[in-house]
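Student: I have a structure I would like to understand better, so I am pasting it below and will then ask my questions one at a time.
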Amino acid sequence: MRARAAERLLPDTALIGLEGVAAARRRLTTRDAVRARHGRLARHQIPWLLQHSAWTAQRFAEADLPPERWWQLPPVGKREMMAHFDALNTVGVRLEEVLALAHEAEDTRDFTGTLTTAAGEVGVGLSTGTSGARGAFLVDREDRLRWAGTVLAALLRPFPWSLRTPQRVAFFLRADGTLYRTAASSRVQIDFHDILRPIEQLAAALTATDPTLVVGPPSVLRAVLEAGARARPEKVVSVAEVLEDGTRSVLEHGFEAPVVQIYQATEGMLGLPCAAGELHLAEEHVHVETEPLGGGLVRPVLTDLRRRAQPVIRHRLDDVLDLAPDCSCGSATRRIRRIIGRQDDALELPGPGGAQITIWPDFVRGALSDVPGLEEYRVLQTGPAMLRVETAPSSAPVRAEVRERIGRALRRQGVLWDLVTIDEHAWRPAPAGTKLRRVLRTGR
């Protein structure tokens, strides 16, 4: 019934990857059901990748593991993935080809190019490199269709009935590409807005198109609102950055619409909103093991049980998550209570007895969330016991209150505050197209 309805509504998109839609909409109500689904997918995915990805086969051979014990494979990270890119991917492309096309797209702002392979046309792209290393990614046609179907099913509820009314989706992104365009159809109009353009132009464009769905980094969407944009979408979707409570409130008030999040990285689609608007791990197709970091926080290790052009098996992210076991929507896929940030963003400051105290970005953001008069800020660790604090406005009362709040919060965590040097500056906006990172460690 659902597939027949989608055929009528989406005739020009090969059903927008209904396999992905079915997976996104399937209710996994118990953890046993989630594990059973992962087992079924892995029985097809892992042997196929062992046959088509030389580096994947090498990893299994070096670990002396059979395919059915894939979950015991030693984890790898983005640097290893990039170092072995040519032997990792299953479509026979070389990293230098991918980088050449991706850099050309970045320079020309034309993101429609693809690579021709034996497996068909493959789209390419680059991550923004917020963890210190830019990652290249590949998506083949099947990956693109599945992505489009999954995202549409999660955002345009109830799907496919929501498509009886034409949808206009405005993407505010650093890079356009075939991945986003795949979602377009006779019922879904896609407008890409390049965030390297002046904010005033973006605000005017948003007002002119008046979309039903707005997607973009929360800091950019907030700036567009503050520049005078007027639009009344049915939903606002935060991507690419941590969504802070204050920014969420601004967006909800300015757009008069609910705000939900998508969690996506070079490694793939990792989290989508549920019917209740909460962000969940995309465990319909991604196996997520968690490594404890203390204080209830975890670091995820991913295995994508669908993606094939660029395999992701036991891939350790640098992200730090706060997960919850349940949700009012009834799904057993784990809810992401908060995306804390990247582990590299955590501050490492002096504690008693020469110990280093880890301060997670979310802790600092919470301490500064309601400072009177504070509009913007950034806290950078530039040395073992040195913090650069940027504020806007940079008035003496605001700087004093920020300094007091940070000191009070860090002392509670055991930091020897008297040993920390504070270097105060006026806040400087990040370059256009750069993710907003309010707390980060630049000095080791």
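A short reminder: the numbers here are calculations on the coordinates, not readings from a lab. Source: prediction; values computed, not measured. Reconstructed Cβ throughout: ideal geometry from the backbone, glycine too, with neighbour counts over all protein chains shown.
Student: Pairs of Cα atoms under 8 Å, at least six residues apart: use those to get the relative contact order of the chain, whole percent.
Tutor: On the way: 854 pairs, mean separation 60.5, N = 444.
Worked out over the chain, it gives 14 percent.
Student: A further question follows. Just add up the charged neighbours of L281: K/R +1, D/E -1, any other residue whose Cβ is under 14 Å from the Cβ of L281. Working shown, then result.
Tutor: Values: positive: R31, R35, R37, R299, R334, R335, R337, R338; negative: E267, E278, E283, E284, E289, D304, D319, D322, D326.
Surrounding charge for L281 is -1.
Student: Tell me the net charge near L73. Cut-off is 9 Å between Cβ atoms, L73 excluded, with +1 for each Lys or Arg and -1 for each Asp or Glu.
Tutor: Cβ neighbours under 9 Å give a net charge of +3.
Student: Students often check this: by mean Cβ neighbours within 10 Å, which of 196-204, 57-65 ranks highest, and how do the rest follow?
Tutor: 196-204, 57-65
Student: Sticking with this structure for a sec: Fewest first, what order do I262, I406 take by the number of other Cβ atoms within 10 Å?
Tutor: Values: I262 19, I406 23.
Least crowded to most crowded, the residues run I262, I406.
Student: Considering only DSSP beta bridges where both residues belong to the chain, give the percentage that are antiparallel (nearest 5).
Tutor: Roughly 60 percent of the beta bridges in the chain run antiparallel, per DSSP.
Student: Further question: Net charge within 14 Å of L115 by Cβ-Cβ distance, Lys/Arg positive one each and Asp/Glu negative one each, not counting L115 itself?
Tutor: With Lys, Arg at +1 and Asp, Glu at -1, the net is -4.
Student: Rounded, prolate or oblate: which fits segment 333-444 when a ≥ b ≥ c are the square roots of the eigenvalues of the alpha-carbon gyration tensor, with rounded for a/c under 1.5 and prolate only if a/b beats b/c?
Tutor: It is rounded, given that a/c, with a ≥ b ≥ c, falls under 1.5.
Student: What FRET efficiency comes out for the pair A204/Q356, r = Cβ-Cβ distance, R0 = 35 Å, nearest 0.05?
Tutor: My answer for the efficiency is 0.15.
Student: What number, in percent, do you get for the relative contact order of segment 231-338 if the mean sequence gap of Cα pairs under 8 Å and at least 6 apart is divided by its residue count?
Tutor: Once normalised by length, the contact order is 18 percent.
Student: Right, next: Post the alpha-carbon centroid distance, segment 230-288 to segment 363-391, in whole angstrom.
Tutor: 25
Student: Which distance in nm do the two modelled labels at R337 and D370 give, with both placed 7 Å along the Cα-to-Cβ direction?
Tutor: It works out to 2.0 nm between the two label points.
Student: For the chain, compute the orientation-averaged projected area of the C-alpha convex hull (one quarter of its surface), in nm².
Tutor: 22.0
Student: Quick one: P(r) of segment 178-322 from all Cα-Cα pairs, 10 Å bins, percents rounded to integers, in order of increasing distance.
Tutor: Histogram of Cα-Cα distances, whole percents per bin: 10, 35, 33, 19, 3.
Student: Shifting gears a bit: How would you classify segment 307-373 from its alpha-carbon gyration tensor, with a ≥ b ≥ c the square roots of the eigenvalues: rounded for a/c under 1.5, else prolate if a/b is greater than b/c, otherwise oblate?
Tutor: Verdict is oblate for segment 307-373.
Student: While we're looking at this one, here's another question. How large is log10 of I(q)/I(0) for segment 346-404 at q = 0.13 Å⁻¹ when the intensity is taken from the Debye formula with one equal scatterer per alpha-carbon?
Tutor: -0.37
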